[in-house]
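Novice: Attaching a single structure in structure tokens format; questions to follow.
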Amino acid sequence: MDWGMNNRMAKLFRPDTGRAVWLAIDHGYFLGPVSKLEDPGRTIKPLVEFTDALMLTRGVLRNCVSAQIDIPVILRVSGGNSIAGPALSNEGIQTSMEEAIRLNASAVAISIYVGTEHEHETLMALGQLVNEGQRYGIPVLAVTAVGKELEKRDARYLGLCCRIAAELGAQAVKTYYCEDFGKVVKACPVPLVIAGGPKLKTEVDALKLAHDAIKEGARGVDMGRNIWQSDNAVGMIKAIRGIVHDGIAVKEAIKILEGSKQKK
Ligand code: 5RP
């Protein structure tokens, strides 16, 4: 890897732990104003100090985030679909590499839709983005998107998606936790981070998810709703940080969560 690419990767994955807690706030690019993310600037204000990187679109970055912010940006560059449209998989590169460099992005992110009618286009778009990323030293994060079909999240399908993303050159892959997640990790030669998915029933469920994913080899989380849709968002991100960077047990993470509630 060239120096620039290495340096950006070192900003994204903390060199002392090799792991990462990224905060995903890119949901609006196809979901519109998701609950608790209506005003992204307000949502992230108490959370940024506990975040290793922010994943978002150029529109939210330019309009809702101060340019003085001191954390890396993972720029969501794919889009062109919406929850109201006929096919969520109909997504392409929407923001250029030149724009990502102008915005000082540390990485770009793109969704791939394996097994859908738009599989080919999204995989070709990933290849194109990797070619451009290699030219300028910008890592590409491939997101193994499932659209509305959440039931697709099993080790066989996610293992296929993650391996394809790595084979096509993505420097990191974001996927979902699933049963037998260790198999997905083992067959993917680049770092894997997990999304949280829709908000789980309880905060403890989300902490368990993060804990199990790390135990089985994930290099971090790129979570959104299970953090900022919680009434104790700061407690959640602090507890997840403990799990990811300090390797604490769920029981310890719950103490951090509860402690943060009392301080409110
Ligand atoms: C959408 C995304 C989101 O960033 C991702 O799903 C993470 O957020 P959450 O933890 O809320 O699922 O990539 O395609």
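Novice: Do you know which of the residues in the stretch 220-246 that are among the polar types (S, T, N, Q) and touching a Lys or Arg at 6+ places or on another chain (Cβ under 7 Å) is nearest to L209 (Cα to Cα)?
Specialist: N226
Novice: Here is a further query. Considering only residues of the stretch 224-255 that are among the polar types (S, T, N, Q) and farther than 26 Å from A155 by Cα, which is surrounded by the fewest Cβ atoms within 10 Å (Cβ to Cβ)?
Specialist: For the stretch 224-255, the residue satisfying everything is N232.
Novice: Could we say that E98 is modelled with pLDDT under 95 and assigned to a helix (DSSP H, G or I) here?
Specialist: Taking the combined requirement at face value, the residue does not satisfy it.
Novice: Let me ask something else. Take V221 and decide whether it is within 16 Å of the ligand (Cβ to nearest atom), farther than 19 Å from L56 by Cβ and buried (at least 16 other Cβ atoms within 10 Å of the Cβ).
Specialist: No, not satisfied.
Novice: Output the number of the condition that Y29 fails; it satisfies all remaining conditions of (1) assigned to a helix (DSSP H, G or I); (2) closer than 18 Å to Q171 by Cα; (3) of a type outside the set (S, T, N, Q); (4) under 16 Å from the mean Cα position of the chain (by Cα).
Specialist: Answer for Y29: the failing condition is (2).
Novice: Moving on to the next point. Can you find, within the stretch 178-203, the residue that is nearest to the chain's Cα centre (by Cα) among those that are surrounded by fewer than 19 Cβ atoms within 10 Å (Cβ to Cβ) and within 21 Å of D26 (Cα to Cα)?
Specialist: G197
Novice: Considering each of A84, A107, A166, A155 in turn, give the residue that is aliphatic (A, V, I, L, M), touching a helix residue (DSSP H, G or I) at 6+ places or on another chain (Cβ under 8 Å) and farther than 17 Å from M55 by Cβ.
Specialist: None of the other options fit; the residue is A155.
Novice: OK, next. Does at least one position in the stretch 33-40 carry a residue that is modelled with pLDDT of 95 or more, assigned to a strand (DSSP E or B), surrounded by 15 or more Cβ atoms within 10 Å (Cβ to Cβ) and of a type in the set (V, I, T)?
Specialist: No, there is no match, as no residue in the stretch 33-40 is modelled with pLDDT of 95 or more, assigned to a strand (DSSP E or B), surrounded by 15 or more Cβ atoms within 10 Å (Cβ to Cβ) and of a type in the set (V, I, T).
Novice: Something else now. Taking T51, is it without any contact (Cβ under 8 Å) to a residue 40 or more places away in the chain and either within 16 Å of the ligand (Cβ to nearest atom) or closer than 26 Å to I93 by Cα (or both)?
Specialist: no
Novice: Can you run down the residue pairs with Cβ atoms below 8 Å, 6 or more apart or on separate chains, where the first is in the stretch 13-39 and touching a residue at least 40 places away in the same chain (Cβ under 8 Å) and the partner is within 11 Å of the ligand (Cβ to nearest atom) and among the aromatic types (F, W, Y)?
Specialist: The qualifying pairs are L23/W228; I25/W228; K36/W228; L37/W228.
Novice: Condition check: of a type in the set (S, T, N, Q), in contact with a helix residue (DSSP H, G or I) (Cβ under 9 Å, 6 or more places away or on another chain) and part of a loop (DSSP other than H, G, I, E, B). Does S66 satisfy that?
Specialist: Yes, satisfied.
Novice: Starting from residues that are more than 16 Å from the ligand (Cβ to nearest atom) and basic (K, R), keep the ones in the stretch 103-157 and report whichever is surrounded by the fewest Cβ atoms within 10 Å (Cβ to Cβ).
Specialist: R135
Novice: Quick one: in the stretch 61-83, of everything that is hydrophobic (A, V, I, L, M, F, W, C) and either buried (at least 20 other Cβ atoms within 10 Å of the Cβ) or touching a Ser or Thr at 6+ places or on another chain (Cβ under 7 Å) (or both), which residue is farthest from I93 (Cα to Cα)?
Specialist: I71
Novice: Follow-up question, since we're still on this one. Does the stretch 4-19 contain any residue that is among the aliphatic types (A, V, I, L, M), surrounded by fewer than 22 Cβ atoms within 10 Å (Cβ to Cβ) and either within 16 Å of the ligand (Cβ to nearest atom) or under 18 Å from S82 (Cβ atoms) (or both)?
Specialist: No, the stretch 4-19 contains no residue that is among the aliphatic types (A, V, I, L, M), surrounded by fewer than 22 Cβ atoms within 10 Å (Cβ to Cβ) and either within 16 Å of the ligand (Cβ to nearest atom) or under 18 Å from S82 (Cβ atoms) (or both).
The values are calculated or read from the model by the stated rules, or taken from the named source; none is laboratory data. Note that this is a predicted model, so its numbers are computed, not measured. Note: ideal-geometry Cβ built from the backbone for every residue, glycine included; neighbour counts use all protein chains shown.
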